[in-house]
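The values are calculated or read from the model by the stated rules, or taken from the named source; none is laboratory data. Since the model is a prediction, treat every value here as computed from it, not as a measurement. All Cβ positions, glycine included, derive from the backbone under ideal geometry; neighbour counts span all protein chains shown.
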Amino acid sequence: MVLLALVLLPVLGALGAYAHRAVAYRTAWLVSVALLHVALVGDAWIDPPAPALDGWLALDALGLVVLSTVSLLFAVVAAYAVGYLRRENPRGGRAFVSCLLAFLASASLVSVSHHLALLWVGMEATTLALAPLIFHRHDRRSLEAVWKYLVISSVGIALALLGTFFLATAQVSAGPEGRPLVLEDLMAGAPRLHPAWLKAAFVFLLAGYGTKLGLAPLHTWKPDTFGESPALVGALMAGGLTSAAFLGLARATQVAVAAGQGGFVQPPLIAFGLGSLAVAAAFMIGQTDVKRLLAYSSVEHAGLLVLGLGLGGVGAYGSVLHLVNNALVKGLLFLAVGNVVLATGTAAAGSLGGLLKGLPASGLLLVVGLFAVTGSPPFGPFLSEFTILRAAFNGGHLWVAAVMLTLLAVIFIGMAAMILEMAYGHAPKRESVRRESGWMVAGPVMLACGVLALGVVIPRPLGALLSLAASALGGATP
Amino acid sequence: MERVADSVLLLVILSNFVVLGTTRLTTCIRAVAWQGALLGVLPLVLSSTWSVHTVGLAVGTILVKAVALPRFLSWAIREAAVRREVEPRVGYVASLLLGVVAVALAAAVAQRLPVPGVHPVLLLPASLAAVIIGLLVLTARAKALTQVVGYLVLENGIYLFGLTHVDRVPFLVEAGVLLDVFVAVFIMGIVVFHINREFDSLNSAHLSELRD
């Protein structure tokens, strides 16, 4: 019941929000649905829910990590939206809040689906729920962004559907036992899965969910989409959408590893991981728009996620931990940048400066976010990136470790150059800078505290959950 | 029934070539609407007993792919001054030849793929050919609307592959997939409509302002 409620609550919320005319009603509605959702997820932590719908919906450790991450991030974004919608009136008005809630519903569906075709349905729905939000300005630039996003994501996700059907064929070829495409039965019968169909399925699922994840060279929609959409939508994409897409890819990897195809899936995952780091590093140097910079940072972190997955061992643990860190820190950075854009009206780094004086809270949050996102101690990403690095050493992939460290250093320079200039540089003359609203500072501050706390100590229940998730992926706990 | 199914599948393959060979956007939409209708008939032809499941799938597919989406796409281009694909990235003769290559490739690959169960001879080749031709249309045409049609052809190919599992994939999933495709094309149609108003043509090649 709880599992169904997790999906249906935001659906009803989306419909309810559409019915209200006044903005204040809609935002109150948004925040209460988000908080109720967090409460439901809390309930799932205390009392693990039983599978529903003949085992199609179930919550395992990996699903719970993604679900909790998305739910918390969404609650913060919802609170931020209260302040945002007071100042801005995005086109599409009423649909704005409904689309946000539809995203929460579909991301929850992805997290609790143990039927891989149902998971696909949820994944496509996440894509579609966010599309109208990118298109909020109805001008040429946002048209171009939404078109690229729609076409590239839809084609990618269509390939993932083909991969899912291939997986069903691999299962049928093994024999009639087991419910089709249900994760538990796939895992139980994994050694018997038809190897050729399984490999084909993995290739298509990797391409499909990799497109959603934004792995280079399938990342081309990311900078345009992140650059043109409102910052809170960017936060949901970089934190929530990425986590959901990673879950899809992790499911495919989970089945392939259980089938003894670990040797087949590792090289492409490592290659996509390092490739994404390299592309991110190359395009960050000389970037002029801060939102596009964050988009390339998202490509980088998607790369780190699959790199950990590919390295296996403690890398799987690092990956799952990094998923949580990535969501927190991307939320923090996008929301802080959103404040800057709202106050100054631009995201071009060249016309921003002296933010620590002009917008003290957001400026400070940006600097904190910079050090967190680049994996500096004592923040959470340092720990997870270090764990992934350790996996590279443990597995004897010394060159992977060397390339990863070099690229991370380049990325640090690229990001620091722009963000520090924005924070400390010379402030250009402006007629008026609007003050920061409490709603819009509180959320990112909470995320900053979270990402700092995870770098200092991982709470025991979370640690236990991460270990479970890592072992499901065939990994180990450091 | 096998022979009926194979004739339907042959028509599906031929409709891909109409999409590849025509310059007129309306013909393109009409071809993909026919393809949708043929796809809707297939579950009825393939299964010996008509269950709620197969009839529901057939009705849903025809309603979405043969009626609702084509009508909506026609609405999206009605105001357009340009009704033709003027400068395709790949010419029509070349596209048709590539289509033939795609079908040959699909037939060759399908012969080597051991799909369990008994299926019409043309099911797998038709499925793979539609997937390849869909991707081809997506890359070879510059008009936003033609790209939507390419996406639909691609989805139709995947649907055909899904038919090898028609009695194993539950109805809820099929309904979900159909709903997703519907919403995807619906949103694309709205964007096409706005691109058309904003740029006075449906050329996605104009969409090149955002770059690094």
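Table for the structure above
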| quantity | calculated |
| --- | --- |
| Residues within the stretch A:137-166 that are farther than 19 Å from A:HIS219 by Cβ and within 21 Å of the chain's Cα centre (by Cα), tallied | 1 |
| Test: residue in the stretch A:98-117 that is surrounded by 23 or more Cβ atoms within 10 Å (Cβ to Cβ), in contact with a helix residue (DSSP H, G or I) (Cβ under 6 Å, 6 or more places away or on another chain) and over 28 Å from A:LEU36 (Cα atoms) | no |
| Subset of the stretch A:85-97 [away from every other protein chain (no Cβ under 14 Å) and either out of contact with any Leu (no Cβ under 6 Å at 6 or more places or on another chain) or surrounded by fewer than 24 Cβ atoms within 10 Å (Cβ to Cβ) (or both)] | A:LEU85, A:ARG86, A:ARG87, A:GLU88, A:ASN89, A:PRO90, A:GLY93, A:ARG94, A:PHE96 |
| Residue within the stretch A:120-130 that is touching a residue at least 60 places away in the same chain (Cβ under 8 Å), part of a helix (DSSP H, G or I), more than 10 Å from chain B (Cβ to nearest Cβ) and buried (at least 24 other Cβ atoms within 10 Å of the Cβ) present | yes |
| Residue count for the stretch A:180-199, restricted to those that are facing chain B (nearest Cβ under 9 Å) and surrounded by fewer than 24 Cβ atoms within 10 Å (Cβ to Cβ) | 4 |
| Qualifying residue in the stretch A:422-439 (condition: at pLDDT 90 or above, surrounded by fewer than 24 Cβ atoms within 10 Å (Cβ to Cβ) and under 30 Å from A:GLU88 (Cβ atoms)) | no |
| Residues that are part of a helix (DSSP H, G or I) and within 14 Å of another protein chain (Cβ to nearest Cβ), drawn from the stretch A:223-241 | A:PRO223, A:ASP224, A:THR225, A:PHE226, A:GLY227, A:GLU228 |
| Residue ID - nearest to A:HIS115 (Cα to Cα), chosen from residues in the stretch B:162-173 that are part of a helix (DSSP H, G or I) and facing chain A (nearest Cβ under 9 Å) | B:VAL173 |
| Residue count, the stretch B:187-206 (criterion: within 9 Å of chain A (Cβ to nearest Cβ) and at pLDDT 70 or above) | 9 |
| Matching entry among A:ALA196, A:ALA216, A:ALA244 (being in contact with a helix residue (DSSP H, G or I) (Cβ under 7 Å, 6 or more places away or on another chain), of a type outside the set (Ser, Thr, Tyr) and part of a helix (DSSP H, G or I)) | A:ALA244 |
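Matching residues to (1) in contact with a helix residue (DSSP H, G or I) (Cβ under 8 Å, 6 or more places away or on another chain); (2) free of Cβ contacts under 8 Å to residues at least 40 places away in the same chain; (3) not in a helix (DSSP H, G or I):
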| residue | (1), (2), (3) |
| --- | --- |
| B:PRO70 | yes, no, no |
| B:LEU96 | yes, no, no |
| B:PRO114 | yes, yes, yes |
| B:VAL131 | yes, yes, no |
| B:LEU145 | yes, no, no |
| B:VAL148 | yes, no, no |
| B:TYR151 | yes, yes, no |
| B:LEU160 | yes, no, no |
